[in-house]
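K.L.:
Please find one structure pasted underneath; my questions will follow.
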Amino acid sequence: MANELAKSLCGFYADVGIIQQGAKSNYGQFADLPTVLSTVLPALAKHNLIQSQTFEPGPEGTTILVTTLMHVSGESIVSRLPLITNRNSNAMFALGGAITYFRRYTLLSILGLSADVEADLEDYQEPVDPAPKTTKSEKVISDPPIKTQPLETSKGPNGEPSERDKVIDSIKKLPNEQAQAVINAFKKQFKISGATVANQITLKDHALFIQQFIKANSK
C-alpha cells in the first residue's frame, strides 16, 4: 500500500464512528448500505480519501463491480468482484439487489471494516422441536400397526365373551381414573367425539391400541 494512502487510513480508523446495525434479516441485524455510507464518507473526506464504485462488463455477459479507494495524491486500491444474481427471478430486480448487497460488502472489505453480527453456522440452523412432555398417567406409545379387520362380536358356543366384549371388559376392570385415561386416549387417537365410546370400539386396531395403552400405563 502506498505511503500517503496508508497514513490517511490510519487517521480514518481513528475517526470513523460505529456503524449501527439497524437493519434486520433472517440471520440477525446488519448495517444497510445507506448506514454504511453515512458513517464512513465523512471520515474518509476528513482524511483526503474518496471511495468510488463503478461497473465494467465481464465475461459471458456478467457485470463486474469495481470498488476504488483513492487518496488525493493519486494513490489507490482497486477491487473487482463479479456480481452474482438469482437467474430465476426478475432480471432487473435481481441485478439491483446484487448491486446493493455487493456494494456494501466490498466497501466494508476495502476499508477493513465489519458491520455484521459474527455467528457460527449452528446459529443459522432451524431450532429442533423439543420432545413432547408426558404425564405420569399417560405414557407415549408408538402408533399401532393398522389392522382394520372388524372385531368379532359373536359370543362363543358356551357363552364366552366376544373379542369386542373382552376389550370393553378390560377397560371396565380398571380403576375409574385409569379407565378414563384409556377412553380419552382412544378418542384422541381415533378422532372420536361424543360421550359414548363402547359402540365405537369395532376394529382390531382399536383393540390393539387399547391393549398397548393399558400395558404401557400399568407399570
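None of the figures in this text is laboratory data; all of them are computed from the coordinates on show. Just so it is clear, the structure is predicted and the values come from calculations on it, not from any experiment. Using ideal geometry, Cβ is built from the backbone for each residue, glycine included, and neighbour counts are taken over all protein chains shown.
K.L.:
In whole Hz, with x marking every Gly and Pro, tabulate ³J(HN,Hα) for region 38-46 from phi via Karplus 6.51 cos²θ - 1.76 cosθ + 1.60, θ = phi - 60°.
P.N.:
Here the 3J(HN,Hα) series is 5, 8, 8, 4, x, 5, 5, 5, 4 Hz.
K.L.:
HN-Hα J couplings of region 158-167 from phi, Karplus 6.51/-1.76/1.60, θ = phi - 60°, integer Hz, Gly and Pro as x?
P.N.:
9, x, 4, x, 6, 4, 5, 4, 5, 5
K.L.:
Could you work out how far apart the two model spin labels at Y13 and A216 are, taking each label as a point 7 Å from the Cα in the direction of the beta carbon, and quote it in nm?
P.N.:
Simple spin-label model gives 6.2 nm for this pair.
K.L.:
Let me ask something else. Given H placed on each backbone N at 1.01 Å, which residues far from T63 in sequence or on other chains put an amide H within less than 5 Å of it?
P.N.:
G58, L83
K.L.:
Quick one: 3J(HN,Hα) in Hz for region 203-217, Karplus 6.51/-1.76/1.60 with θ = phi - 60°, rounded, Gly and Pro as x.
P.N.:
For region 203-217, the Karplus curve yields 10, 5, 6, 4, 4, 5, 4, 5, 4, 5, 5, 4, 5, 5, 9 Hz.
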